[in-house]
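Notes to accompany the following structure.
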Amino acid sequence: MATAIEDLARLFVRIPTAQKLSLSTAGALKTLSRRSPMRLADLTASEQVTQPAMTQIVSRLERDGMVERHKDPDDGRAVLVHITDVGIKVIASRQSDRLDQLTRLFERLTEDERTSITSALPALMRVIELGSDS
């Protein structure tokens with residue numbers, strides 16, 4: 001199972017998208033699309049990169065208009081990173097590009113194979129949910 005999931009993940013991240021982002025940058029933006037705003041330190045921990053690396057990622061995303069940084073009203077020393085409408089559109093565009101590619105791949109499967117995958121989705125979503133909680 002681990003091999004299949006790893007190979008599927010590799011296939012998924014290699015699907016070309018119009019919006020070219022590094023894996024770390026895309027991951028940070030996707031996380032912000034779900035949990036914005038976030039403290040920079042929390043985003044760093046979530047994405048498992050170093051603080052300097054996340055600072056560079058956020059700086060590039062900010063330069064490109066996909067995120068904004070604001071002082072945390074509860075702690076003036078901390079920074080909150082907010083996804084912008086541009087960032088939300090980039091995430092949506094990347095998902096749409098990947099959906100188009102995956103649809104073409106799924107059309108090549110048998111009906112039984114598609115049914116099997118569809119049946120497994122609730123359990124896979126639960127695994128993702130459990131992994132996100134930790």
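I'd like the residue in the range 78-126 that is of a type in the set (A, V, I, L, M, F, W, C) and in contact (Cβ under 8 Å) with a residue 60 or more places away in the chain and, out of all such residues, is farthest from Arg35 (Cα to Cα).
The selected residue is Leu102.
With respect to the numbered conditions (1) of a type in the set (Asp, Glu); (2) in contact with a helix residue (DSSP H, G or I) (Cβ under 9 Å, 6 or more places away or on another chain); (3) more than 14 Å from Thr25 (Cβ to Cβ), which one is the sole condition not fulfilled by Asp64?
Only one criterion is unmet by Asp64, namely (3).
Across the range 16-29, what is the number of residues that are closer than 24 Å to Leu80 by Cα and either modelled with pLDDT of 95 or more or hydroxyl-bearing (Ser, Thr, Tyr) (or both)?
Adding up the residues that qualify gives 5.
Could you grab the pairs with beta carbons closer than 6 Å, sequence gap of 6+ or different chains, first residue in the range 51-77 and on the phi < 0 side of the Ramachandran plot and in contact (Cβ under 8 Å) with a residue 24 or more places away in the chain, second one in a helix (DSSP H, G or I) and of a type in the set (Phe, Trp, Tyr)?
none
Would you confirm whether any residue within the range 2-15 is closer than 20 Å to Lys89 by Cα, modelled with pLDDT under 90 and surrounded by 14 or more Cβ atoms within 10 Å (Cβ to Cβ)?
Yes, the range 2-15 contains at least one residue that is closer than 20 Å to Lys89 by Cα, modelled with pLDDT under 90 and surrounded by 14 or more Cβ atoms within 10 Å (Cβ to Cβ).
Filter the range 22-50 down to residues that are hydroxyl-bearing (Ser, Thr, Tyr) and in contact (Cβ under 8 Å) with a residue 40 or more places away in the chain and give me whichever is nearest to Arg10 (Cα to Cα).
Ser33
If you scan the range 43-53, which residues turn out to be more than 9 Å from Val81 (Cβ to Cβ) and either within 17 Å of the chain's Cα centre (by Cα) or among the hydroxyl-bearing types (Ser, Thr, Tyr) (or both)?
Thr44, Ala45, Ser46, Glu47, Gln48, Val49, Thr50, Ala53
Failed condition for Lys20, given (1) outside any helix (DSSP H, G or I); (2) open to solvent by less than 50 Å² (accessible area, probe 1.4 Å), with all others met?
Answer for Lys20: the failing condition is (2).
The values are calculated or read from the model by the stated rules, or taken from the named source; none is laboratory data. No experiment lies behind these values; they were computed from the predicted model shown. Cβ: placed from backbone, ideal geometry, glycine included. Neighbour counts: every protein chain shown. Note: accessible area is taken over every heavy atom of the protein model, side chains too, but ligands, DNA and RNA are not part of it. Shrake-Rupley method; radii C 1.70, N 1.55, O 1.52, S 1.80 Å.
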